[in-house]
1. Return the residues of region 175-201 that are at pLDDT below 90 and farther than 22 Å from Thr146 by Cβ; say none if nothing qualifies.
2. Determine if region 141-162 includes at least one residue that is of a type in the set (Val, Ile, Thr) and under 13 Å from Phe253 (Cα atoms).
3. When region 204-215 is examined, which residues are found to be part of a helix (DSSP H, G or I), surrounded by 12 or more Cβ atoms within 10 Å (Cβ to Cβ) and either in contact (Cβ under 8 Å) with a residue 24 or more places away in the chain or among the hydrophobic types (A, V, I, L, M, F, W, C) (or both)?
4. Name the one entry in Leu104, Leu70, Leu53 that is farther than 30 Å from Asn259 by Cβ, part of a helix (DSSP H, G or I) and modelled with pLDDT of 85 or more.
5. Please find, within region 80-96, the residue that is surrounded by the most Cβ atoms within 10 Å (Cβ to Cβ) out of those that are touching a residue at least 40 places away in the same chain (Cβ under 8 Å) and outside any loop (DSSP other than H, G, I, E, B).
6. Got a sec? Which of Ala291, Ala245, Ala283 is hydrophobic (A, V, I, L, M, F, W, C), within 30 Å of Lys75 (Cα to Cα) and modelled with pLDDT under 85?
7. Output yes when any residue across region 144-160 is out of contact with any strand residue (DSSP E or B) (no Cβ under 6 Å at 6 or more places or on another chain) and not in a helix (DSSP H, G or I), and no when none is.
8. How many residues, within region 235-293, are assigned to a helix (DSSP H, G or I) and free of Cβ contacts under 8 Å to residues at least 12 places away in the same chain?
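The values are calculated or read from the model by the stated rules, or taken from the named source; none is laboratory data. Keep in mind that what you see is a predicted model, and the values were worked out from it rather than measured. Cβ sites come from the backbone with ideal geometry, for glycine too, and all protein chains shown count toward neighbours.
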Amino acid sequence: MATQSTVPADRTTGPAGSAAPAVAAGPAGGVSGGKRQRRRGERGPLASFGLHLGLLAGAFVALFPPFWLLVTSFKPRSESFSLSLTADFSFDNYQYVINETAFLTWFGNSLLIVVVTTFLAVFISSTTGYALSRFRFPGMRSLMWTLLITQMFPMAVLIVPLYNLMSRYGLLNQPVGLIVTYLTIAVPFCAWMMKGFFDTIPVSIDESGRVDGLSPFGTYWRLVLPLAKPGIAVTAFYSFVTAWAEVAYATAFLTGEQNLTLAGGLQTFVNQHTQDWHHMTAAAVLIAVPAALVFGYAQRHLQAGLTAGATKS
């Protein structure tokens with residue numbers, strides 16, 4: 001009795017009648033067991049390694065200077081240029097800067113100038129940006145061009161004309177003169193930035209405020225400004241950095257040790273007569289601490305404002 005031969009399900013018959021292994025199709029129609037094909041946009045191992053290596057190199061370049069500044073601030077003068085970590089860890093440099101110099105006076109001068117500059121810059125920039133965003137008035141285009149053109153001039157070019165104006169009106173060696181100068185730097189840029197942010201806030205919010213009987217300023221203050229927290233945070237931080245870290249105007253318009261700001265006082269440690277790098281690094285660390293705290297505070301509020309304003313439209 002003849003029997004019928006069967007071929008297993010996972011085998012196929014070749015051209016000569018021999019059994020050949022079957023090839024199963026993968027989920028994407030490819031060949032299973034072979035090299036997996038990467039999806040479009042997916043990085044390979046070599047590209048991923050190169051990306052992470054580049055990120056680590058960038059982080060090292062960014063973090064090494066402040067780290068070495070901190071290390072040098074604890075070194076004695078004899079080891080200021082040593083490439084090794086300090087063996088004689090000491091706070092003598094910080095004690096000298098705080099107790100033997102006018103650092104606290106410089107700090108008070110800077111704090112006064114920074115607080116007033118930041119407050120006025122935020123108020124003027126936000127009101128100007130709101131007016132440019134919501135109203136149409138004669139001279140509006142000229143005002144916008146003026147704000148833009150003022151950003152084209154380097155700060156060094158403006159020192160001489162500003163110095164002549166300060167001298168004519170008796171504002172040299174006065175905090176008011178430096179505050180006005182910093183406002184000329186911060187307000188034009190921040191006004192443009194605030195205008196762009198106010199443009200993203202729906203005009204219907206202003207219309208609802210007018211229906212409820214609010215004045216234009218009341219609408220701006222009560223309804224629109226709370227939604228502008230991200231722009232306000234960036235404006236305040238930019239104004240703070242402008243007034244806190246600026247050197248050229250501070251040294252040109254203020255003279256005398258008791259009138260200097262922190263940026264101007266920092267130059268007294270290293271000049272043509274003295275080379276106190278160990279003291280200067282300690283003072284630089286003390287100056288950087290408030291800036292870092294303000295940055296962390298502004299960043300936290302910036303993120304909170306972005307989250308709160310995500311549903312405003």
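1. Matches in region 175-201: Thr200, Ile201.
2. Pass one, region 141-162, residues of a type in the set (Val, Ile, Thr): 146, 149-150, 157, 159-160.
Now narrow it down to the ones that are under 13 Å from Phe253 (Cα atoms): 159-160.
Yes: one or more hits.
3. Here is the first cut: in region 204-215, the ones part of a helix (DSSP H, G or I) are 204-211.
From the residues that got through so far, the ones that are surrounded by 12 or more Cβ atoms within 10 Å (Cβ to Cβ) too are 205-206, 208-210.
Matches in region 204-215: Ile205, Asp206.
4. Only one candidate qualifies: Leu53.
5. Within region 80-96, the subset touching a residue at least 40 places away in the same chain (Cβ under 8 Å) is 80-81, 93-94, 96.
Narrowing the set further to residues that are outside any loop (DSSP other than H, G, I, E, B) leaves 93-94, 96.
Details: Asn93: 24, Tyr94: 17, Tyr96: 16.
Out of the qualifying residues, it is Asn93.
6. Numbers: Ala291 fails: modelled with pLDDT under 85; Ala283 fails: modelled with pLDDT under 85.
Answer to the selection: Ala245.
7. Step one: filter region 144-160 for residues out of contact with any strand residue (DSSP E or B) (no Cβ under 6 Å at 6 or more places or on another chain), giving 144-160.
With the extra rule that they be not in a helix (DSSP H, G or I), the set shrinks to 153-154.
Taking every residue of region 144-160 in turn, at least one turns out to be out of contact with any strand residue (DSSP E or B) (no Cβ under 6 Å at 6 or more places or on another chain) and not in a helix (DSSP H, G or I).
8. 3
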